[in-house]
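Visitor: Have a look at this one.
The values are calculated or read from the model by the stated rules, or taken from the named source; none is laboratory data. What you see is a predicted model; the values in this text were computed from it and never measured. Note that we place each Cβ from the backbone using ideal geometry, even for glycine, and neighbour counts take in every protein chain shown.
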Amino acid sequence: MNETETVAKKDLSQKAGLSGKEKDQAKVKKTGKGTYKKGDGLSALLFLSPTLVVFTTFILFPVIFSFYLSFQRWNMFSSQTTFVGFENYIRMFQSEEFWQVLKNTAIYTFGTIPLNMGFSLMVAYALNKKIIGKKFLRTAFFAPVIISPVAAAVIWRWLYDPNFGLINYFIGLFGIGAINWLNDPTAAMFALIIMGVWKTFGYNMVLFSAGLQGIPETYYEAAMIDGAGRWTRFWRITIPLLSPTTFFIMVMSMIGSFQVFDIVYVLTSGGPLGSTKVLVFYVYEHAFKFFEMGYASAVAYVLFAILFVFTMLQMKYMKSKVLGN
């Protein structure tokens, strides 16, 4: 027996002794193909089925059905629907109340976002330094975020009370007369904005804190060597490098402000004289008070369109700034 035959027999004996797993691995290595089995797809579908059922039942179906309803006239207590085309949308755009509600929503949104972002950035920047009790302060500022909005609104309703509320008590120490916060058309929206900022700024503070901690300290050290002052470092280094975080917070704050409902419902119920009635409350009112589900669905889709347009504009504008920075 020559040397070549001996080597061949040795290889055959080694292959015969391979385990089943090793044979599969050898086969995969030889063919370059995976070991995907037909049953794997079915197993994956079974694992995903609970999530798919919940998503379809509570998200996908309501979205599709509400779009269908926006072209119908339907009372919840009747099983019959009447196709009316764009009548709900035409009625909405011809309604003075709708435009007033849209104006109220815009006032709340553009009153809340600048204050919220400015205050949260200021607090995050201050807590990014080495100070005593930093962890406690972060926890305290974040606490309003985890409080139930309804419970928080009940507390603020007591604080705003014109007779024994703490806010009127403190401003009275400076000689200012009591303000009827929730029953004055001018003060009511301002009261909502104050509570809206208090309720959500802690979340933005945490995001800004994460963004600040991601900025390398070497940038500040190099700027100090070049003679840059504190404000110069803040405007030339901190603000540009926080652009991605700022963009995210701005988009999410815009969406959250346009969808505000709970604090309006508890504090003012849209009053006084409709001065605090916002879009989502308007949808709720027509859907569950007047039972105009078709009209309410049309308003909801207009709200979606507004948020979509604002988000796209923000993304287009901020994307260039983020990439530039």
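Conditions (1) among the basic types (K, R); (2) out of contact with any Lys or Arg (no Cβ under 8 Å at 6 or more places or on another chain); (3) in contact (Cβ under 8 Å) with a residue 60 or more places away in the chain, marked per residue:
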site	(1), (2), (3)
F61	no, yes, no
F67	no, yes, yes
M76	no, yes, yes
F98	no, yes, yes
T109	no, yes, yes
A126	no, yes, no
K134	yes, yes, no
I146	no, yes, no
A153	no, yes, yes
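Visitor: Suppose the filter is out of contact with any helix residue (DSSP H, G or I) (no Cβ under 9 Å at 6 or more places or on another chain), of a type in the set (F, W, Y) and either farther than 21 Å from S253 by Cα or in contact (Cβ under 8 Å) with a residue 24 or more places away in the chain (or both); does Y160 pass it?
Guide: No, not satisfied.
Visitor: Ok, one more. State all residues of the stretch 123-138 that are within 12 Å of S209 (Cβ to Cβ) and assigned to a helix (DSSP H, G or I); if no residue qualifies, say none.
Guide: Within the stretch 123-138, V123, A124, Y125, A126, L127, K134, K135, L137, R138 qualify.
Let's see how each residue does on (1) within 27 Å of L192 (Cβ to Cβ); (2) among the charged types (D, E, K, R); (3) surrounded by fewer than 16 Cβ atoms within 10 Å (Cβ to Cβ); (4) at pLDDT 95 or above:
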residue: F86; (1), (2), (3), (4): no, no, yes, yes
residue: E96; (1), (2), (3), (4): yes, yes, yes, yes
residue: Q100; (1), (2), (3), (4): yes, no, yes, yes
residue: Y108; (1), (2), (3), (4): yes, no, no, yes
residue: T112; (1), (2), (3), (4): yes, no, no, yes
residue: I131; (1), (2), (3), (4): no, no, yes, no
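Visitor: Which of the residues that make up the stretch 85-118 are of a type in the set (V, I, T) and either closer than 20 Å to F67 by Cα or assigned to a loop (DSSP other than H, G, I, E, B) (or both)?
Guide: I90
Visitor: Right, next: Collect the residues in the stretch 160-201 that are under 30 Å from T246 (Cα atoms), surrounded by fewer than 20 Cβ atoms within 10 Å (Cβ to Cβ) and of a type outside the set (A, V, I, L, M), keeping them in residue-number order.
Guide: Residues satisfying the conditions are F190, W198.
Visitor: A further question follows. Could you run through the stretch 263-283 and say how many residues are surrounded by fewer than 17 Cβ atoms within 10 Å (Cβ to Cβ) and either in contact with a Pro (Cβ under 7 Å, 6 or more places away or on another chain) or over 19 Å from I107 (Cβ atoms) (or both)?
Guide: Residues in the stretch 263-283 being surrounded by fewer than 17 Cβ atoms within 10 Å (Cβ to Cβ) and either in contact with a Pro (Cβ under 7 Å, 6 or more places away or on another chain) or over 19 Å from I107 (Cβ atoms) (or both): 2 in total.
Visitor: Within the stretch 178-201, can one find any residue that is over 26 Å from A106 (Cα atoms) and not in a helix (DSSP H, G or I)?
Guide: Checked against the condition, which is being over 26 Å from A106 (Cα atoms) and not in a helix (DSSP H, G or I), the stretch 178-201 yields at least one hit.
Visitor: What single numbered condition from (1) of a type outside the set (A, V, I, L, M, F, W, C); (2) out of contact with any helix residue (DSSP H, G or I) (no Cβ under 6 Å at 6 or more places or on another chain); (3) surrounded by fewer than 17 Cβ atoms within 10 Å (Cβ to Cβ) fails to hold for T238?
Guide: (3)
Visitor: Of the residues in the stretch 233-264, how many are without any contact (Cβ under 8 Å) to a residue 24 or more places away in the chain, in a helix (DSSP H, G or I) and not charged (D, E, K, R)?
Guide: Number of matching residues: 4.
Visitor: On the basis of being crowded, with 16+ Cβ neighbours inside 10 Å, modelled with pLDDT of 90 or more and more than 30 Å from E96 (Cβ to Cβ), does T245 make the cut?
Guide: Here the answer is yes, as T245 does meet what is asked.
Visitor: Taking the stretch 150-177, which residues are of a type in the set (A, V, I, L, M) and part of a loop (DSSP other than H, G, I, E, B)? Lay out the reasoning, then the answer.
Guide: Going through the stretch 150-177, the residues of a type in the set (A, V, I, L, M) turn out to be 150-155, 159, 166-167, 171, 173, 176.
Scanning the stretch 150-177 gives L173, I176.
Visitor: With (1) buried (at least 16 other Cβ atoms within 10 Å of the Cβ); (2) over 30 Å from the mean Cα position of the chain (by Cα) as the list, and T232 as the residue in question, which single condition is left unmet?
Guide: In the conditions (1) buried (at least 16 other Cβ atoms within 10 Å of the Cβ); (2) over 30 Å from the mean Cα position of the chain (by Cα), T232 misses (1) alone.
Visitor: Against the conditions (1) touching a Gly at 6+ places or on another chain (Cβ under 8 Å); (2) not in a helix (DSSP H, G or I), where does V145 fall short? Just the number, please.
Guide: (2) is the only condition that V145 fails.
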